[in-house]
Amino acid sequence: MYTFVTSFSEEGYNTYAKEMLQTVADKWNPKYFKLHAYYHDFDIHASNPILSDSITYHDLCSLEEMKQYREKMKKHDGTEGGTMPYNWRLDAVKWCHKVYALTDRAFKMMEENKNPEEPQWLVWLDADTVTTKRLDKSAVDKWLPNKASLVHLGRKDVDYSETSFMGFNLQYHDACSILADLRGCYTIGETISYREWHDGFIFERLLNIYKAHGMIVNNLSENCKGLTAFMQSPLSEYFIHYKGNLKNKKNTLAQDVKLPRYRQLADIIRHYKPKTLTEVGTWNGGRAIEMALAAFEYTDRFTYFGFDLFEEATALTDDIEMNSKKHHTIELIKTRLNQFKEKMKEKNKEFIFKLYKGDSKITLKKNKLARNVDFAFIDGGHSYETVKADYLNLKKVPILVFDDFFSKDEFGQQPTEKNMGVNKLIKEIKAYAKIVLPSNDKVLGGGRTHIAFVANSKKVEKLPDEITRMPIVVTPKDSRPKDEIFVNIKENKKLIKDFNWLKHGRIHNETALIVSGGSSTDFELLKKKAREPNTKIFCVKHSYPKLLEHGISPFICSILDPRPITGTSTHGVVRKDLFKKINKDTIFLVASMTDPSVTKYLIKKGANIKGWSAYSEALRDKTVTDKLKIAKDTGIEEGETLVSGGTCAAMRTISIAHILGFRNFELFGFDCSVPEVTEEMKKEKTSGKPKYFKVETNGEYFWTTGELLAMAQDCEKLFDDKNMDMSLKVHGTDTLVSEVWKNSLKAKEKYYYEMIDNAA
C-alpha cells in the first residue's frame, strides 16, 4: 500500500483538484494506492465531492497549529500586508497548507504503524496533477525503492527541487526526522528567516543537511533541464502536472518566448514576403502567429504548415533532441490557431493552417504540399540526425532559417558538442548563401544562440544590412590587475569594520531613488520625490557633489572604483575632488576592491563608512569550471555576501538596495550616453580607439563610450528580466537608456513580477 497526500482550497478544487480526484477514482487501484485529500477554508461535502475507495477527505482547518501559524504570519502573504505587489516567493501563508497536510498524515502514520520494519511510503502529490493512465504498482515500486529514505525531483538549473512529488519512507528515522524539522520550521515561524519563504526552498535546505549526514535519496529527475522536473521524470508516463499558471485550464499554454533573434526572423519574413511557410517545431503556436502577423503586413492570405511531436513527446525524446520546453496537445494548438484565424477574418485576412503530429523525419517526407513552400523555419529536434533530416526534406525550399546555432559567450562558454546539430549541418551544407545572424541571446548554462539563414536559390536576393549588421557588444574587464585588487580587498578589510550589515536586509515598501552621473537628472523633480514619505536616495560618487549643490543629502553613496584617489575618473574629474564636501548624514558604501587611498581619505574627512564586496571575475577560481568558486587568498571571507548586477557602481547600487529590501526603484541620470560630442572630444582615444562613438537603437542615434555602452547593456538585461522582483521607473528623455527602457519588458509590465513558473 502506498499512501498519497494532497491539499487544496475551494478555488483549487473547482479549478484543478476535482479533475485530479476524478482521475484518481478512475485509474488508481485502492488495493495499492490511497489518497488523503486535505481541503481548507470550505466544506467539500457541500461541493459534490468525488467519492472513491481510493480517496479519504480531511478538513485541514481542524489543525489548530496551522490556524495559529496562519494568524501569526498573515502579514507575510506575498504582499507584506498589501504594501507591495504579490511575490509568491515571499508568501509564508499560501504554501503552509502543503506542509501541514503532509506532516499531519505522516505523524498519524507513525502513530499507527504496527510494523516499523516494513517500508511505509508517504507520497506528496500536487493537486494540479492528473493521472493519464491506470497507475501501475510495479512502476511505483521502481520510483520508490525500499533502500531509499526519500525520493524527490531535483533540478540542475534551480537551487531547489520541484516539490510537486515527494516520497518519504517512514520505515527510516531520517525520513521521519526531516518531516518533523519541516513542520517545526513553520510552527516556530522560522520560515521568514530564509531568503524565500515557500516550502520548496525550505525543504531543499533541510534536504541538503540530511544528505550531508548520509540520507539515502533517490532523485527521479537527475538530468532535468529547466524548471519542469516532473515532466522530465518517469512520472510523466502516468501523470500530467499542470504546473504554475498551467493549472488554470483556461491558460494551459506555456508563455510565448520573446527574444531579439525572433524579431530578426520577423524582419526576414517582411523582407522576402513569403505567402506559404512551413515550421518544424510548432510548440505552443506562438511563433506561427508572429510569423503570420509579419506576413499580413504585405498580404491578405497566408498559409502555414506546422510539424511537431506534440503530445507524442516523451522524456526520452526530450533527452535525444535536447528539449526542455513543456509539450502541448495538437488539439490545444489547433484551438489557439483557430482563434487567431477568426481574429484575422475580422480584419479581412485569411489564415490557412495545417498541423502534423509525429516525428518530422517521417511526417515531412509524407507531405509534399508542406515541402513546396516559399519559406521554412526549422526549430524542432536539435540532434544532428533530426536537423539534417529536416533539411534534406526541405532543401528545395528557396529560403530556410534555422534556430539554435550556438556560439561562445563573453566567458568562452558554449553548449556541448551534443547540442551543436545546427552548427554541424550549416558547416557542411552547400547553398547559394548562408549566414549566421548576430545575437546576444543567452543560453542557459553558457553560450549564445543565433538564427542561421540559408538561401537555396540564386534568385534569392541578399539579406539587407539592417538585419545582418553586428551589434556592438562590450565585454568589460577589471580596470586593475588581479593581484592589486586582492591587495585592496585585504587592506580595506583592516580599514572598515562592518562588512556583515548587508545580511540584515528585509523586504519593505520603501522606494529607492538611484542617482547616477548622467546629465539628464532633473534635480527639482528629485527634490520633490525625496520629500515623499518612505523614500531613500542612493547615489554614485560622480553624482554626489551635484546632489549636495542642489541641497539634496543622499542616504547612501556607493563607491566601487579600484583606482587611486589622485587619478582622473572616467568623467574627467579628479576623484579627490568628488569628496571635497562630505555630509555626515550620508553612509558611504565602500567596496572592498576600492583603492585604500579613497577609504583613508574618507576616514580622514570623518565620513560614515560601511563595507561591501563586489563580485568580479578577478575573484573567481578559474580551475573550477562546473560551479562558481572564489579563489583563495582574495581576502573574501567564506559566506560573505558578494554583490553582482552590472559593470559599474550605479548598477551594483541597484543590487545593494534590492538586498536591503527595496523593491520599488526610480532611476535618475542613467543616461548611458552623452548629449553632444565636440570635434575635440572626437579626437580622444582609449586604447588606441576613439573614446566616443555613435550607436543606433530603434532608429535613434546616440553618442556614447565603451563604459557607458556596457552600462546600457546592463540596463537592457535588467529591464527585460522577468525574474527580478521589482517595480521600476526610468526618468530622463532623449538618452540611450530612455530608448532601451521604452522597448523593454518591464516598461510594459502591469506588475513588477512576472513568471511562467509561479508555483514552487
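Readers should treat all values here as calculations from the given coordinates under stated rules, not as data from a laboratory. Worth saying up front: this structure is predicted, and the values here are computed from it rather than measured. Note that we place each Cβ from the backbone using ideal geometry, even for glycine, and neighbour counts take in every protein chain shown.
Which net charge results for the neighbourhood of residue 306, defined as the other residues with beta-carbon distances under 12 angstrom from its beta-carbon, given Lys and Arg at +1 and Asp and Glu at -1?
Details: positive: 287, 334, 336, 354, 357; negative: 279, 308, 379.
Within the 12 Å Cβ shell, the charges total +2.
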Over segment 531-619: Rg over Rh, Cα atoms, Kirkwood Rh: 0.97
Once you place label points 7 Å from the Cα toward the Cβ at residue 237 and residue 722, how far apart are they in nm? 3.2
Lys and Arg at +1, Asp and Glu at -1: add these up for the other residues within a Cβ distance under 12 Å of residue 652 and post the number. -2
Give me P(r) over segment 482-748, computed from all C-alpha to C-alpha distances, binned every 10 Å, as integer percentages. 6, 28, 36, 24, 5, 0
Straight-line reach from residue 742: which aspartates and glutamates have a Cα under 17 Å away, not including same-chain ones fewer than 8 places off? 666, 671, 696, 700, 714, 716, 720, 721, 734
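Can you give the direction-averaged projected area of the convex hull of the alpha-carbon atoms in segment 2-250, in nm²?
Values: hull surface 53.8 nm².
Mean shadow area of the hull around the Cα atoms is 13.5 nm².
Could you tally the net charge around residue 403, taking each other residue with its Cβ under 12 Å from the Cβ of residue 403, Lys/Arg +1 and Asp/Glu -1?
Values: positive: 261, 287; negative: 279, 379, 390, 404, 441.
Spelling it out: positives minus negatives among the neighbours equals -3.
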Can you compute the FRET efficiency between residue 574 and residue 444 using 1/(1 + (r/R0)^6), with r the Cβ-Cβ distance and R0 = 35 Å? Round to the nearest 0.05. 0.20
XL table 34/133; 541/694; 388/434; 18/357; 67/98; Cα-Cα > 20 Å flagged, in table order, is 541/694; 18/357
Rough spin-label spacing in nm, given labels placed 7 Å along Cα→Cβ, for residue 642 and residue 319: 3.3
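Counting every Cα pair in segment 23-148, what percent are over 23 Å apart?
Cα-Cα pairs in segment 23-148 separated by more than 23 Å: 47 percent.
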Full-stretch length increase - residue 83, residue 192 - with 0.36 nm per residue and alpha-carbon distance subtracted: 37.6 nm
So for R0 = 41 Å, FRET eff. of residue 501-residue 745 from the Cβ-Cβ r, to 0.05, ends up at 0.80
Tell me, what HN-Hα J-couplings in whole Hz come from the Karplus equation 6.51 cos²θ - 1.76 cosθ + 1.60 at θ = phi - 60° for each residue of segment 521-533, using x for Gly and Pro? 4, 8, 5, 5, 5, 4, 4, 4, 4, 5, 7, 5, x
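Estimate the FRET efficiency between residue 372 and residue 301 by the formula 1/(1 + (r/R0)^6), using the beta-carbon distance for r and 25 Å for R0, to the nearest 0.05.
On the way: r = 16 Å, r/R0 = 0.66.
So the FRET efficiency works out to roughly 0.95.
Hey, how much of the P(r) for segment 1-80 falls beyond 15 Å, as a percent of Cα pairs? Intermediate results must be reported in sequence, preceding the final value.
On the way: 1907 of 3160 pairs.
That fraction is 60 percent.
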Principal axis lengths of segment 260-468 from Cα atoms, whole Å, largest first? 50, 41, 30
Give the distance, in whole Å, between the Cα centre of segment 662-728 and the Cα centre of segment 395-436. 31
At 222 nm, what value in deg cm²/dmol follows for the chain if DSSP H runs of at least 4 each add -39500 (n - 2.57) and the sum is divided by all its residues, to the nearest 500? -9000 deg cm²/dmol
Setting aside same-chain residues fewer than 8 positions from residue 497, which aspartates and glutamates have a Cα under 19 Å from its Cα? 585, 595, 637, 638, 640
Counting pairs of Cα atoms in the chain, how many percent are more than 52 Å apart? 21
Filtering chymotrypsin sites (Phe, Trp or Tyr not before Pro) in segment 1-56 by DSSP loop and by at most 15 other Cβ atoms within 10 Å leaves 32
Going Cα to Cα from residue 354, which lysines come in below 18 Å? Please leave out same-chain ones fewer than 8 positions away. 275, 334, 341, 343, 345, 365, 366, 368
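For segment 542-697, go through all pairs of different Cα atoms, get the mean of 1/r, take its inverse, and jot down that Kirkwood value in Å.
Details: mean 1/r = 0.0558 Å⁻¹.
Mean inverse Cα-Cα distance, inverted, gives 17.9 Å.
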